[in-house]
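Below is one structure, written out as structure tokens, with a few remarks after it.
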Amino acid sequence: MNSGMRKGLTSYGDAAFSLFLRRAFIKAMGFSDDALARPIIGIADTASDFNPCHGNVPALIAAAKRGVMLAGGLPMAFPTISIHESFAHPTSMFLRNLMAMDTEEMIRAQPMDAVILIGGCDKTIPAQLMAAASVDLPAIVLPVGPMLVGHHKGEVLGACTDCRRLWARHRAGEIDEAEIDAISGRLAPTHGTCMVMGTASTIACMTEAMGMALPGTASIPATHADRIRAAEATGTAAVRLAASGLTPSRIITDASLRNALIVLQAIGGSTNALIHFTAIAGRLGLKIDLETFDRLGREVPVLLDLKPTGAHYMEDFHWAGGVPRLLRELADLLDTSCPSVSGATLAESIAEAEEVPGQRVIHSRAAPIHVGGGLAVLRGNLAPGGALLKVSAASAALLRHEGRALVFDGIEDMARRIDDEALDVGADDVLVLRHAGPKGAPGMPEAGYIPIPRKLARQGVKDMVRLSDARMSGTAFGTIVLHITPESAVGGPLALVRSGDRIRLDAAARRLDLLVEPAELAARQARLDPPERPALRGYAWLFHNHVLQADEGCDFDFCREAL
Ligand code: FES
């Protein structure tokens, strides 16, 4: 089998000439024949001036290259798209599949025997894992690591749980302009990903648990020397991985996905992770069954005391033992025979876990943070394809609730009316946002965290039942039902709701229902306008016409398997 420089030759109709030309050009970089004869380890470089979360990537690449060379390989870094949450219009989710396609094709196009995927900011590692699963070349993820915490007036701050909490206080008039400006300089004090259990931390922990990153690498702070050493170790491991031929399809299996989902529940992780791991699984012809996931949610307690569900931050988790120590608590629920890119099984990683006396971040199974996991799958006449509720971040008093619907027809409508002093809204109402799904927005924005109307916020209302076909940042909290499927833009039942209708949420029964007679719903359905066909071009056209719904991971239909 071809390897190294001989892989994937450019097509000139003469393979020997293609190799001759390739070697001639690469020698312009000063490589020796000895270097060019080594196994090639590609390193996906996702640094960008627009991506502060990935600010340490140059240092990580340098260390990973050192690790590759120490193990006898030739490291070759190459750029791919970089996506930062706050610098992606309309949403980072809109671009995730583009990043997956870019990463997949650049791994295919360039000669490499294994690839190191350096990612972290929310959508990046999912996109990279989708790509790696499709190419099925030995691959190892190196997360950039979480930021350190910020401080303000003696209070510890975490991006972005405290971004939202403090912005809500600013909206309510409790924090003035000068102070909110000062806070904006303190919420994200270092490179690295958000240091609460948001999407980036969730994905990093699940990736490690699934065996696609070295043990312990999910939680090492982005700025620590250990993170650099982890990059070096990842480089060395990548050379071993190239020789072993252990490809993603042998690591990402039904069993390892289930392990990752158990961890998702136990960490009270981000709702976004379910969409991303469904997409990753779909690349290998595997399916995450929502009912099975919900059952895990009833069986697996939340053990991690981290914001937004708990009180601590990723650096605290790291010093408490990180993912290996958490896995030890969950060992009897996991398939510990699953292999990992480290070459060890999960059982062997768990055996190496550090015991930290007196740590209070990782709870024991006997004393969980929350009995029953973090996420629940809801069904009902409003969500025939499913919806998700982060129970661990919801208000207990609202988990069984019936109220009057107040409907917003899209994000602009919500932004225009939510703070209107004349808005007819009460604390018991159910806020409904539609046209915010994969096609409707487009890109399924993290708009599910519908703000509490200002006039209610001023009265001290902190939470209300909120529903949408949107997503929500993993750093947010509240009684918020998300990913309602099918979305309203394709004619899902959310499109039928009218302000004034009654809606019932029953989290224990896993139900979400619109309390309107079936005959009336059928009449509304018959009068519904057909789904819009907007005039689009380029990537927006591709996205609109090929993105799947949340229950299929919002991947492109043509990327899942050969047509
Ligand atoms: Fe990059 Fe939160 S903004 S991880």
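The values are calculated or read from the model by the stated rules, or taken from the named source; none is laboratory data. Every value quoted in this text rests on a predicted model; they were computed, and no experiment measured them. Don't worry about glycine lacking a Cβ; one is built from the backbone with ideal geometry, like all the others, and counts go over all protein chains shown. These accessible areas exclude ligands, DNA and RNA; they are computed on the full protein's heavy atoms, side chains included. Shrake-Rupley method; radii C 1.70, N 1.55, O 1.52, S 1.80 Å.
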Report task. In nm, give the distance between the simple-model label positions of Asn2 and Glu517, each being 7 Å from the Cα along the Cα-to-Cβ direction. Result -> 7.0
Report summary line: Between the Cα axis of helix 15-26 and the main Cα principal axis of the chain, the angle (0 to 90°, nearest 10) is 80
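Using a 10 angstrom Cβ neighbour count of at most 16 plus a DSSP loop assignment to flag exposed GluC sites (Glu not before Pro), which longest range of the chain is free of such sites?
Numbers: sites that count: Glu174, Glu352, Glu354, Glu355, Glu421, Glu532, Glu561.
Of all site-free stretches, the longest is 175-351.
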Report task. Report the FRET efficiency, 1/(1 + (r/R0)^6), for Ser395 and Ala35, where r is their Cβ-Cβ distance and R0 is 45 Å, rounded to 0.05. Result -> 0.15
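When a/c reaches 1.5 or more, the comparison of a/b and b/c decides; with that in mind, is the range 206-262 rounded, prolate or oblate per its Cα gyration tensor?
On the way: a/c = 4.53, a/b = 1.28, b/c = 3.54.
Taking the square roots of the gyration eigenvalues as a ≥ b ≥ c, the range 206-262 is oblate.
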Query raised in the report: So which cysteines in the chain don't have a second cysteine's C-beta under 4.7 Å from them?
Result: Cys194, Cys205, Cys338, Cys554, Cys559
Query raised in the report: What Kirkwood hydrodynamic radius, in Å, does the range 307-389 give when the mean of 1/r is taken over all pairs of distinct Cα atoms and then inverted?
Result: 15.0
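Got a number for carbon plus sulfur as a percent of the range 401-557's accessible area, 1.4 Å probe?
Heavy-atom surface of the range 401-557 belonging to carbon and sulfur, 1.4 Å probe: 51 percent.
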Report task. In vacuum, with every alpha carbon of the range 509-563 counted as one equal point scatterer, what does the Debye formula give for log10 I(q)/I(0) at q = 0.14, 0.21, 0.23 Å⁻¹? Two decimals, please. Result -> -0.68, -0.91, -0.93
Query raised in the report: Considering every pair of different Cα atoms, what Kirkwood radius, in Å, is found for the range 1-85?
Result: 14.6
Requested in this report: Putting +1 on Lys and Arg Cβ atoms and -1 on Asp and Glu Cβ atoms, find which of Pro442, Ala470, Gly380 reaches farthest to the positive end of the dipole of the chain.
Outcome: Pro442
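By its C-alpha gyration tensor, with a ≥ b ≥ c as the square roots of the eigenvalues, how is the range 123-175 shaped: rounded for a/c under 1.5, else prolate for a/b larger than b/c, else oblate?
Values: a/c = 9.73, a/b = 2.68, b/c = 3.63.
Taking the square roots of the gyration eigenvalues as a ≥ b ≥ c, the range 123-175 is oblate.
Rounding to the nearest 20 debye, state how big the charge dipole of the range 224-373 is about its Cα centre with +1 on each Lys and Arg Cβ and -1 on each Asp and Glu Cβ.
Working: 14 positive and 17 negative charges, 62 e Å.
Dipole magnitude for the range 224-373 comes out near 300 debye.
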Query raised in the report: Residue farthest toward the positive end of the dipole of the chain, with Cβ of Lys/Arg at +1 and Asp/Glu at -1: which of Phe17, Gly310, Ala508?
Result: Phe17
Report summary line: Along the dipole axis of the range 25-123 (charges at Cβ: +1 for Lys and Arg, -1 for Asp and Glu; origin at the Cα centre), the most positive-end residue among Ala63, Ile107, Leu117 is Ala63
Query - the chain, helix-only ellipticity at 222 nm - DSSP H runs n ≥ 4, -39,500 (n - 2.57), divided by all residues, nearest 500 - result: -10500 deg cm²/dmol
Query raised in the report: Beyond 24 Å, what percent of the Cα pairs of the range 115-225 remain?
Result: 35
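Around Gly185, with a cut-off of 14 angstrom between Cβ atoms, what is the net charge of the other residues, counting Lys and Arg +1 and Asp and Glu -1?
Numbers: positive: Lys153, Arg186; negative: Asp162, Glu177, Glu179, Asp181.
Residues close to Gly185 contribute a combined charge of -2.
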Query - the range 228-387 shape via C-alpha gyration tensor axes, a/c threshold 1.5 - result: oblate
Report summary line: Once Lys and Arg are counted +1 and Asp and Glu -1 for all other residues with Cβ under 11 Å from that of Ala311, the total becomes 0
Query raised in the report: Helix 272-283 sits at what angle to the longest principal axis of the chain, using alpha carbons and giving 0 to 90 degrees rounded to 10?
Result: 50
Requested in this report: Quickly work out the Asp506-to-Asp409 label distance, labels modelled 7 Å from Cα along the C-beta direction, and quote it in nm with one decimal.
Outcome: 3.2
Report task. Using a 1.4 angstrom probe on the protein heavy atoms only, line up Thr202, Thr10 by accessible area, largest first. Result -> Thr10, Thr202
Query raised in the report: Which length gain, in nm to one decimal place, applies between Val461 and Arg66 when the Cα-Cα distance is subtracted from 0.36 nm times their residue separation?
Result: 136.8 nm
Query - Backbone N under 14 Å from the Ser86 label point (7 Å along Cα→Cβ), restricted to the range 143-171 - result: 147, 150, 158-167
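Give me the compactness ratio for the range 33-192, meaning the Cα radius of gyration over 2.2 N^0.38 Å.
Details: Rg = 19.0 Å, N = 160, 2.2 N^0.38 = 15.1 Å.
Cα Rg divided by the expected 2.2 N^0.38 Å: 1.25.
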Report summary line: Tilt, helix 57-70 to longest principal axis of the chain (alpha-carbon atoms), in degrees rounded to tens, equals 40
Report summary line: Per residue, accessible area of the chain with a 1.4 Å probe, heavy atoms of protein chains only, in Å², comes to 38
Query raised in the report: Label-point separation (nm) for Ser249 and Asp424, each offset 7 Å from Cα along Cα-to-Cβ?
Result: 5.9
Query raised in the report: Per q in 0.08 1/Å, what log10 I(q)/I(0) does a Debye calculation on the alpha-carbon atoms of the chain return?
Result: -0.52
Query raised in the report: What is the distance in Å between the Cα centres of the range 9-53 and the range 489-563?
Result: 45
Query raised in the report: For Ala331 and Gln525 in one chain, what is 0.36 nm times their gap in residues minus the Cα-Cα distance, to one decimal in nm?
Result: 65.0 nm
**Report entry** Separation of alpha-carbon centers, the range 418-454 and the range 291-341, rounded to whole Å
**Finding:** 32
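Roll a 1.4 angstrom probe over the protein heavy atoms and tell me the percent of accessible area of the range 186-249 that is carbon or sulfur. Don't jump to the answer; show the numbers that get you there.
Working: 930 of 1630 Å².
So the carbon and sulfur contribution to the accessible surface is 57 percent.
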Query raised in the report: Gap in Å between the Cα centre of the range 84-106 and the Cα centre of the range 236-250?
Result: 26
Report task. May I ask for the net charge around Thr247, where only other residues with Cβ less than 15 Å from the Cβ of Thr247 are counted and Lys, Arg are +1 while Asp, Glu are -1? Result -> +2
Requested in this report: Please work out the Cα convex hull volume for the range 159-285 and give it in Å³ per residue.
Outcome: 117
